[in-house]
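The values are calculated or read from the model by the stated rules, or taken from the named source; none is laboratory data. What you see is a predicted model; the values in this text were computed from it and never measured. When we count neighbours, we look across all protein chains shown, and the Cβ atoms used for this are built from the backbone with ideal geometry, even at glycine.
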Amino acid sequence: MKLLVNYSRGKEKKPIIAQVVKDTGVLITVERAIIDSSEGEALIDVPDDACWLVRDKMADLGAQVRILEHGVSLNEIECVDCGACISVCPREVFSFDADFKLQVVEERCILCGMCVEACPHQALTIPL
């Protein structure tokens, strides 16, 4: 399950993700992160059965956490299967099937938004 974590480091500058791994024993995969000296946003992936445990522990440490049940969404009515999203996606979320119909593996999505910007028909959205 993917979690979008936003936090402010404040004066203490505690390593929130490391602290949660230590306290819960749950291994966390950081898929995307934007962090500076005072705040950060990270998209993390955790086992489904540990989702609420990790979410609650991060909230206890002062983070705002959203559980993301979906990655990028494709509006099949608007999509013309042009493939513009394929070339810009860093995680190979998109591909063509044998009939050149666009396929999406949303579990790979890191919500970078590059595909949304590249889509000429605005057929893609991300849940932010």
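Anything in region 15-34 that is over 22 Å from Glu107 (Cβ atoms) and loosely packed, with under 13 Cβ neighbours inside 10 Å? List them, or say none.
The answer is Pro15, Ala18, Lys22, Gly25.
If a residue has to be surrounded by 15 or more Cβ atoms within 10 Å (Cβ to Cβ), within 23 Å of Glu117 (Cβ to Cβ) and not small (Gly, Ala, Ser) to count, how many in region 58-80 make the cut?
4
Kindly indicate whether Val116 is outside the structural domain of Pro15 (by TED's automatic domain parsing) and assigned to a helix (DSSP H, G or I).
Yes.
Among the numbered criteria (1) surrounded by 18 or more Cβ atoms within 10 Å (Cβ to Cβ); (2) more than 20 Å from Met1 (Cα to Cα), which single criterion is violated by Arg55?
(2)
Yes or no, residue by residue, for (1) part of a strand (DSSP E or B); (2) without any contact (Cβ under 8 Å) to a residue 24 or more places away in the chain:
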site	(1), (2)
Val5	yes, no
Val20	no, no
Glu31	yes, no
Ala59	no, yes
Gly62	no, no
Gly71	no, no
Cys79	no, no
Glu92	no, yes
